[in-house]
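The values are calculated or read from the model by the stated rules, or taken from the named source; none is laboratory data. What you see is a predicted model, and the numbers here were worked out from it, not measured in a lab. Note: ideal-geometry Cβ built from the backbone for every residue, glycine included; neighbour counts use all protein chains shown.
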2 protein chains.
Amino acid sequence: MADALRQFKSEIFQGLANPTRIAIVELLRDGEQSAGKLIEKLGIEQANASQHLAVLRAKQIVVSRKVGNQVYYSIRDHALIEVLDILRRYFYAQLSSTVNMLRKAAREEPKPRTGTPR
Amino acid sequence: MADALRQFKSEIFQGLANPTRIAIVELLRDGEQSAGKLIEKLGIEQANASQHLAVLRAKQIVVSRKVGNQVYYSIRDHALIEVLDILRRYFYAQLSSTVNMLRKAAREEPKPRTGTPR
DNA sequence: CCAGTATATTCGAATAATCGCATGTTTATC
DNA sequence: GATAAACATGCGATTATTCGAATATACTGG
C-alpha cells in the first residue's frame with residue numbers, strides 16, 4: 001500500500017513538473033476557466049495547451065466540464081493549491097538564504113573579479 | 001519573477017516525480033540517514049541510489065554532510081514533508097471518491113459483463 | 001603506500017516528455 | 001448539409017529521465 005501511495009504521489013508531482021502546467025493550475029486558482037481563456041492567457045499554441053490539459057486530466061489534477069461549445073476546467077481538489085502555497089513560501093525562504101550566502105561570500109572575498117583579468 | 005517562481009516549483013516537483021526519490025524523502029522524514037542506510041532500506045543498486053540523491057541535491061531538496069567515510073543526508077526544509085502529508089490526505093480522499101464512483105457504477109449496470117460475449 | 005569501504009560519476013541503451021504541425025471531433029449557425 | 005469555432009488527438013523530431021554496468025574518488029586502517 002505504501003508503494004501505491006508513493007506511486008500516486010510521484011504521478012501528481014510528475015503532473016506538476018512543468019512550468020506551463022503550473023501556470024495553468026495557478027490560473028485555475030480562483031475558479032474555473034474555459035480552455036480558450038487559458039490558452040489566451042498562457043500565450044502558447046492551442047494544441048500544446050490542450051496536451052498539457054490532457055496530462056492534468058490524466059493525473060486527476062483538474063476536471064473538465066463541457067458547456068456547449070466550450071470546455072471549462074477547474075482544479076479537482078483545493079489541497080493542490082495548498083501545496084503550491086507552501087512551495088511559494090519555501091521559494092522565498094530559499095531565496096533569502098541564498099542571498100545571505102552570496103552576501104557572506106562577497107564579504108569574505110574582497111576582490112570580486114569582474115571582467116577578465118589577463 | 002512569477003516566471004522564476006513557476007520554474008522553481010516545477011523543478012521541485014520534478015525532483016519528487018519519482019517513487020524512489022519519494023521513498024528517500026520519506027526515509028529522511030525522521031532525521032538524517034547515511035547514504036549506506038538509505039541504500040540498504042531502499043534495496044536498490046548503489047549507483048542508482050546515488051544518482052537519485054544527486055537529483056535531490058541538485059534540486060536543493062536534501063542537503064548532505066560528510067563525516068569521515070560516510071555522507072549523511074537530510075531534508076533541507078520541513079515544508080516538503082508538509083507537502084507529502086497533504087498529498088497523503090489527498091490520496092485517501094481521491095481513493096474513497098473513486099471507490100464510491102465504482103460502487104455507483106456497479107449499482108447502475110446490472111450485468112457487469114465479465115468474459116467475452118459473442 | 002596498499003587494500004578496503006563508502007560514495008559519486010560516466011557511459012550507453014531504453015523509455016518517456018515536449019513541441020509544432022496536421023488532422024479529427026463536436027457543437028453552433030446559417 | 002456546409003461552414004466555422006472550440007477543443008482534442010496523432011505523428012515525428014528533439015531532448016530529458018532512468019537504469020545497470022563500469023570506473024573514479026575520498027577516506028580509513030594497517
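Quick notes
- As a summary of the residue check, B:LEU95 satisfies the conditions (1) assigned to a helix (DSSP H, G or I); (2) within 11 Å of chain A (Cβ to nearest Cβ); (3) surrounded by 15 or more Cβ atoms within 10 Å (Cβ to Cβ) except for the one numbered (3).
- Qualifying residue in segment B:51-60 (condition: part of a strand (DSSP E or B), more than 17 Å from B:ASP30 (Cα to Cα), in contact with a helix residue (DSSP H, G or I) (Cβ under 9 Å, 6 or more places away or on another chain) and assigned by TED's automatic domain parsing to the domain that holds B:LEU28): no
- Meets criteria (within 12 Å of DNA strand D (Cβ to nearest atom), buried (at least 19 other Cβ atoms within 10 Å of the Cβ), among the small types (Gly, Ala, Ser) and without any contact (Cβ under 8 Å) to a residue 60 or more places away in the chain) for A:ALA58: no
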